[in-house]
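Asks: Pasting in a structure now, in structure tokens, and then I'll have a few things to ask.
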Amino acid sequence: MIETLYSLNILDTSLAFLISFVLGILFGIALEKAGFGSSRRLSGIFYFRDMAVLKVMFTALITAMLGLMYAQALGLIKIESIYLMPTIYVAQIVGGLIFGIGFVMSGWCPGTAAVGIASGKFDALICIVGAILGSILFNETFHLIKPLYTAGDQGVLFLFDSFHLSKGLVAFLFTLVGIGAFWGVEKIEQKVTGKSEYLGSQFLKTFSFVLFVFALGLMFISGDPSKSVSLCPFLKQTQPISLSSEQDLLQRVEEAEDHIEPEELSDRLVSGSQGLLLVDVRPQNEYSRFHIKGAVNILLPDLSVQLTAYKNQGMVVLYSNGMTHPAQARDSLYRQGFNNVYLLTDGLDGFVDRCLKPVSLRSEPVPAEFTQKINEWREYFLGGTEVQNNVEELSKLTFKVPALIDTQWLSENHTKPNVKILDLRSQPEYNTSHIPGSLAISPESFRGVVKGVPSVLLPAAILSQQVSLLRITPDDFVVLVYGEKPHDATLVGMVFERLGHKKYGVMNGGFLKWNKEGKSVDTDLPDINDSVYLSNDNDNVTVDYKIVLQSVKNKDAVIIDVRPEDYYLGKKSDEARAGHIPGAINRPYTEDIAKEELYSVFKPTEELAKDYQIIIPNKDSKVIVHCRTGHQASQTYFVLKNLLGYTNVYWYDAGWTEWAARKELPIEKEM
């Protein structure tokens, strides 16, 4: 299978630059040879004298389409390895009109203008300069046109899905349109200019015939997305049923048509079963630490798009630590027409327990035949890794805490020895009632004065001592439970970020949700011994004012001020100066939270992703978040980094308290 630079997430590497540079040179040569280095030839299409633009563009589109579809059909490349541009109707229509007007006026588009510059065309240079100025204007006026930017956003759409046609048929029809266009524009050129280079020529006949044959071939190998295709004679398949009601979905559950047992999955993976796609829906950091061999990582919000190519083709198996999230995702996909999605029974924990646990650790006698199976599975999935014959050690390899924990998950796992719960409410609240085994700690105990700046996170050496008193070790999974304010938990989360301790999560809804659901509580104080958590300053997430100032000057980061709007605008202030950091965007931290009855929860990931997509260009963009003292901004950091998967997020801990006090630092405010 071909791994693209996009799928490998290496678009920003030197290799990607080199490949792009070489392809750009070759692309420019092709355009020059096609006559695109001349604005006269380019503008000729508007007068029907020279249709080279249309012919070249149709050739490129059809060639790319057929090549990509054959590569996909032959298993050389997968659709999720390619960036799929979303359909944004209003924005793309308006942008297309602006682009078209510019093309008519100048005779150039940005790509052909670059070719023209290489050929010494002065008007092409003017076009490029205009494009650069237009980009600057777009950037400076973005706050005015932001609503248009995502207007009509439909996500990724496919013609074959929209019209319920097979991919092969859509490609065939599109190719026929292209062939017709080739012949049509030749006739137009002949009629207008009295001559045609290719009309009736052997080249055009042969070219058209080759495209026709290749497009026709796709009708037989690309498959119909509305039907279930068996890719292996012994692959378990669902029948192509057209069910939409909840009753039909429940019937499938009743008949056990919605899951696969760990043992069956192991056998299929070991035997190299074709047509089976195993999908790990956990966050990327958990997937990276441990996953079932052969699994691909797709986050829940991306499932429907990334699995489009596998819709009703073969078998798709979803898994997480447990079964709750995969079950919800399976139901959603089913309602979208996916009839071939299954769950892994008991999730990853069950897979480890039933297939990878050594025979010597099992409570029941194991038959010799099954013992051999277990050894085969362990050899395949664990390979040469030395796995200690200890249930707890094996659990630590595979037992993962999700970034956002629900009460059911904690109810099922809070008694495990390597799960440590920190209750971040006030001492009286904790003393009255708390989750069994949890320890009380105030978020403010982790903050103090550092280098004259108040209320910032303490150095790693001090934090490690505090964590040791909480009997936490680097192998433990820490669950943070808040009272009314989720950002209390995320502030303590920054403690573990500074220590490089990634095994922590926030319980969504906090103790108020736990208590409302009637889950177990007590008033006992746990009897614990100190641990030894060595100082390990792995802080690669906190930035100081110097780095922020540099980003302001270079404009190389999205700076998000999460304070309430009046403080951002400078209408209110409780610091040395009022206003905000120049260029900073205001998104109050409260916009990430929803109120449910008596407690606060994080908004759904899909909603958060859509909101942040508007203000942050992509998942790799540099982002700096801040508030007044870092408390509220820690929540935004948690949302971006741990829930949405942004990879380049930084926390300006000292925040507006320090920035406002340093009079040499620039500020902006509403007049």
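Asks: Roughly what % of DSSP beta bridges within the chain run antiparallel, to the nearest 5?
Replies: Rounded to the nearest five, the antiparallel share is 25 percent.
Asks: Want the number for LYS571 to ASP331: 0.36 nm per residue separation, take away the alpha-carbon distance, what's left? Walk me through the numbers before you get to the answer.
Replies: Details: separation 240, 0.36 × 240 = 86.40 nm, distance 4.79 nm.
Extra length from LYS571 to ASP331 when fully extended: 81.6 nm.
Asks: Report the charge-dipole magnitude of segment 27-98 in Debye, nearest 20, computed about the Cα centre from +1 at each Lys and Arg Cβ and -1 at each Asp and Glu Cβ. All intermediate terms of the calculation are to be shown ahead of the outcome.
Replies: On the way: 6 positive and 3 negative charges, 51 e Å.
Its charge dipole is roughly 240 debye.
Asks: Placing unit charges on C-beta atoms (Lys and Arg positive, Asp and Glu negative, everything else neutral), compute the dipole magnitude of segment 527-612 about its Cα centre in debye, rounded to 20.
Replies: 680 debye
Asks: Between segment 16-87 and segment 422-471, what is the separation of their alpha carbon centroids in Å?
Replies: Between the Cα centres of segment 16-87 and segment 422-471 lies a distance of 58 Å.
Asks: Modelled label-to-label distance, PHE48 and SER135, 7 Å Cα→beta-carbon offset: nm?
Replies: Here the modelled spin labels are 3.7 nm apart.
Asks: Explain nothing, just the number: relative contact order of the chain, from Cα pairs under 8 Å at least 6 residues apart, as a whole percent. Don't jump to the answer; show the numbers that get you there.
Replies: Details: 991 pairs, mean separation 57.6, N = 671.
It rounds to 9 percent for the chain.
Asks: Between LYS502 and THR150, what is the label-point separation in nm under the 7 Å Cα-to-beta-carbon projection?
Replies: That separation, rounded to one decimal, is 2.8 nm.
Asks: For segment 67-76, in order, what is each residue's ³J(HN,Hα) by Karplus, 6.51 cos²θ - 1.76 cosθ + 1.60 with θ = phi - 60°, in whole Hz (x at glycine and Pro)?
Replies: Running phi through 6.51 cos²θ - 1.76 cosθ + 1.60 with θ = phi - 60° gives x, 5, 5, 5, 4, 5, 5, 8, x, 7 Hz.
Asks: A follow-up question, please. By how many nm would the segment from LEU26 to SER288 lengthen if fully extended, with 0.36 nm per residue of separation less the alpha-carbon distance? Intermediate results must be reported in sequence, preceding the final value.
Replies: Working: separation 262, 0.36 × 262 = 94.32 nm, distance 3.70 nm.
Net length gain for the segment: 90.6 nm.
Asks: Another one. Considering only TYR287, GLY178, VAL453, whose Cα is most displaced toward the positive end of the charge dipole of the chain, charges sitting on Cβ of Lys, Arg (+1) and Asp, Glu (-1)?
Replies: Projecting each Cα onto the dipole axis, the largest value belongs to GLY178.
Asks: Quick one: which of 99-105, 632-638 comes out on top by average Cβ neighbours within 10 Å, and what's the full order, highest first?
Replies: Numbers: 99-105: 13.3, 632-638: 27.4.
Packing order, densest peptide first, comes out as 632-638, 99-105.
Asks: Order by neighbour count: VAL541, VAL601, fewest other Cβ atoms within 10 Å first, most last. Could you put the intermediate results ahead of the total?
Replies: Details: VAL541 15, VAL601 19.
Arranged by neighbour count, lowest to highest, VAL541, VAL601 become VAL541, VAL601.
Asks: Fewest to most neighbouring Cβ within 10 Å: what's the order for ARG40, ARG49, ARG447, ARG330?
Replies: Working: ARG40 10, ARG49 14, ARG447 20, ARG330 24.
Least crowded to most crowded, the residues run ARG40, ARG49, ARG447, ARG330.
Asks: Along Cα→Cβ, 7 Å out, is where each label goes; now give me the distance between the ones at GLN190 and GLU670 in nm to one decimal.
Replies: Label at GLN190, label at GLU670, 6.7 nm between them.
Asks: Would you kindly derive the ³J(HN,Hα) couplings of segment 331-339 from the backbone phi angles with the Karplus curve 6.51 cos²θ - 1.76 cosθ + 1.60 (θ = phi - 60°), listing them in order in whole Hz, with x for Gly and Pro?
Replies: 4, 5, 5, 4, 5, 8, x, 7, 9
Asks: As a footprinting exposure proxy, order THR657, THR63 by other Cβ within 10 Å, with the fewest listed first. Provide the component values of the computation, followed by the final result.
Replies: Values: THR657 20, THR63 13.
Listing THR657, THR63 from fewest to most nearby Cβ atoms yields THR63, THR657.
Asks: Further question on the same structure: Can you bin the chain into rounded, prolate or oblate? Criterion: square roots of the alpha carbon gyration tensor eigenvalues sorted a ≥ b ≥ c, rounded for a/c under 1.5, prolate for a/b above b/c, oblate for the rest. Numbers along the way, then the final one.
Replies: On the way: a/c = 2.41, a/b = 1.32, b/c = 1.83.
Oblate, because a/c is 1.5 or more while a/b does not exceed b/c.
Asks: Of TYR567, GLY194, VAL296, whose Cα points farthest to the positive end of the dipole of the chain (charges on the beta-carbon: +1 Lys, Arg; -1 Asp, Glu; origin at the Cα centre)?
Replies: Of the options given, the answer is GLY194.
Asks: Also: Taking the Cα centre as origin and putting +1 on Lys and Arg beta-carbons and -1 on Asp and Glu beta-carbons, what dipole magnitude results for the chain, to the nearest 20 debye?
Replies: Numbers: 61 positive and 74 negative charges, 529 e Å.
The dipole magnitude comes to about 2540 debye.
Asks: Helix-only mean residue ellipticity at 222 nm, the chain, DSSP H runs n ≥ 4 weighted -39,500 (n - 2.57), per residue, nearest 500. What is it?
Replies: -13500 deg cm²/dmol, from helical runs alone.
Laboratory data are not the source of any read-out in this text; all were calculated from the coordinates shown. Bear in mind that the values here come from a model prediction, so they are computed numbers and not experimental data. Here Cβ is always computed from backbone atoms with ideal geometry, including for glycine, and neighbour counts include all displayed protein chains.
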